[in-house]
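Have a look at the structure below before the remarks.
No lab work stands behind these numbers, since they all come straight from the coordinates. Source: prediction; values computed, not measured. Don't worry about glycine lacking a Cβ; one is built from the backbone with ideal geometry, like all the others, and counts go over all protein chains shown.
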Amino acid sequence: MLCITAKGPGLESDVDPRFGRAAYFLFVDPSGALVEALENHPGGHGAGVNAAQIVAGRNATGVITGAVGPNAMSALEAAGIPVHTVSGGTARAAFEALQAGETDQLRGPTSRGHERSGP
């Protein structure tokens, strides 16, 4: 089952570019049918790791999103879940792009994550 981050609960919703703070996780079967739309409640610190645990707990075989921080990427890699990126479009279009081999598989995080400033 594939997980797509989305701004709404359906396949016509736009892909949410944020993995850990995505509004929804859409779980899609290999035929492209929506199995579950799970509203994400990211909270504060650790949103990316918590999101990765949710996705792994649903036995996702891959993720499509826009951006992933280092902690979430490490957690997804540890779970053996590949991450593919798209830049915009609907969740359905992202699924179709993956099927057509038109997405990029990440080899590392897309951002440095949240850093603290100060001494």
Revision key, fill the gap. The residue that is surrounded by the fewest Cβ atoms within 10 Å (Cβ to Cβ), considering only those in region 94-108 that are in a loop (DSSP other than H, G, I, E, B) and touching a residue at least 24 places away in the same chain (Cβ under 8 Å), is GLY108
Study note, to complete from the structure: Selection from region 69-81 of residues surrounded by fewer than 17 Cβ atoms within 10 Å (Cβ to Cβ) and either of a type in the set (A, V, I, L, M, F, W, C) or under 11 Å from the mean Cα position of the chain (by Cα) (or both) yields ALA78, ALA79
Point to revise | Those residues of region 48-68 which are surrounded by fewer than 21 Cβ atoms within 10 Å (Cβ to Cβ) and either of a type in the set (S, T, N, Q) or more than 18 Å from GLY89 (Cβ to Cβ) (or both), in sequence order | key: VAL49, ASN50, GLN53, ILE54, ALA56, GLY57, ARG58, ASN59, THR61
Check your understanding: Is region 76-91 home to any residue that is out of contact with any helix residue (DSSP H, G or I) (no Cβ under 8 Å at 6 or more places or on another chain), of a type in the set (A, V, I, L, M), touching a residue at least 40 places away in the same chain (Cβ under 8 Å) and under 14 Å from GLY32 (Cα atoms)?
Key -> yes
Review point. Across region 35-47, which residue is surrounded by the most Cβ atoms within 10 Å (Cβ to Cβ) among those that are under 21 Å from SER13 (Cα atoms) and not β-branched (Val, Ile, Thr)?
Key: ASN40
**Study point:** GLY62 being in contact (Cβ under 8 Å) with a residue 40 or more places away in the chain and more than 22 Å from ARG107 (Cα to Cα)
**Key:** no
